[in-house]
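The values are calculated or read from the model by the stated rules, or taken from the named source; none is laboratory data. In this text, all values refer to a predicted model and were calculated from it rather than measured experimentally. Cβ: placed from backbone, ideal geometry, glycine included. Neighbour counts: every protein chain shown. Please note that ligands, DNA and RNA were not included when accessible areas were found on the heavy atoms of the full protein model with its side chains. Shrake-Rupley method; radii C 1.70, N 1.55, O 1.52, S 1.80 Å.
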Amino acid sequence: GGDGRSGTAIITRTKPKTKRPSLYRVLLLNDDYTPMEFVVHVVEKFFNKSQEAAYQIMMHVHHNGVGECGIFTYEVAETKVTQVMDFARKYQHPLQCVMEKK
Ligand code: TYC
């Protein structure tokens, strides 16, 4: 790189740059009102977990206040959050789903 005239140089990349996408955790938050079975259903439906895995995640959230449902790229994480929040609102449960950068 460089223009051979101004005395400046431009460094050009030779190795192909593969940028890894940033990852985001999708979390469920505990509350006192959403039925346990509803949370299990949400985790099965939107995070493709078995009933057993979904139950364990739900109980983790119930006891710890927050728990991870999966790790995704930004767009996928955002879609999961929107889908869960829309589904919870449809059934008038206060369930909260959020994403955070890993
Ligand atoms: N704490 C709720 C109850 O006792 C159950 C619950 C679990 C709610 C996980 C939200 O993300 C949650 N019915």
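Observations on the model:
- Of all the residues in region 30-85, those that are within 20 Å of Lys101 (Cβ to Cβ) and hydroxyl-bearing (Ser, Thr, Tyr) number 4.
- Counting only residues that are surrounded by 14 or more Cβ atoms within 10 Å (Cβ to Cβ) and free of Cβ contacts under 8 Å to residues at least 12 places away in the same chain, region 89-100 holds 0 of them.
- When residues of region 1-51 are limited to those that are open to solvent by 80 Å² or more (accessible area, probe 1.4 Å) and either in contact with a Ser or Thr (Cβ under 7 Å, 6 or more places away or on another chain) or part of a strand (DSSP E or B) (or both), the one modelled with the lowest pLDDT: Gly1
- Any pair with Cβ under 9 angstrom, 6 or more apart, that starts in region 17-33 at a residue that is more than 9 Å from the ligand (Cβ to nearest atom) and ends at one that is assigned to a loop (DSSP other than H, G, I, E, B): Ser22/Lys102; Leu23/Lys102; Tyr24/Lys102; Arg25/Lys102
- Those residues of region 44-89 which are within 25 Å of Arg20 (Cβ to Cβ) and either more than 15 Å from the chain's Cα centre (by Cα) or of a type in the set (A, V, I, L, M) (or both), in sequence order: Ile71, Val76, Ala77, Val81
- Sole exception among (1) more than 15 Å from the ligand (Cβ to nearest atom); (2) open to solvent by less than 80 Å² (accessible area, probe 1.4 Å) for Asp86, by number: (2)
- Meets criteria (open to solvent by 70 Å² or more (accessible area, probe 1.4 Å) and touching a Cys at 6+ places or on another chain (Cβ under 9 Å)) for Gln56: no
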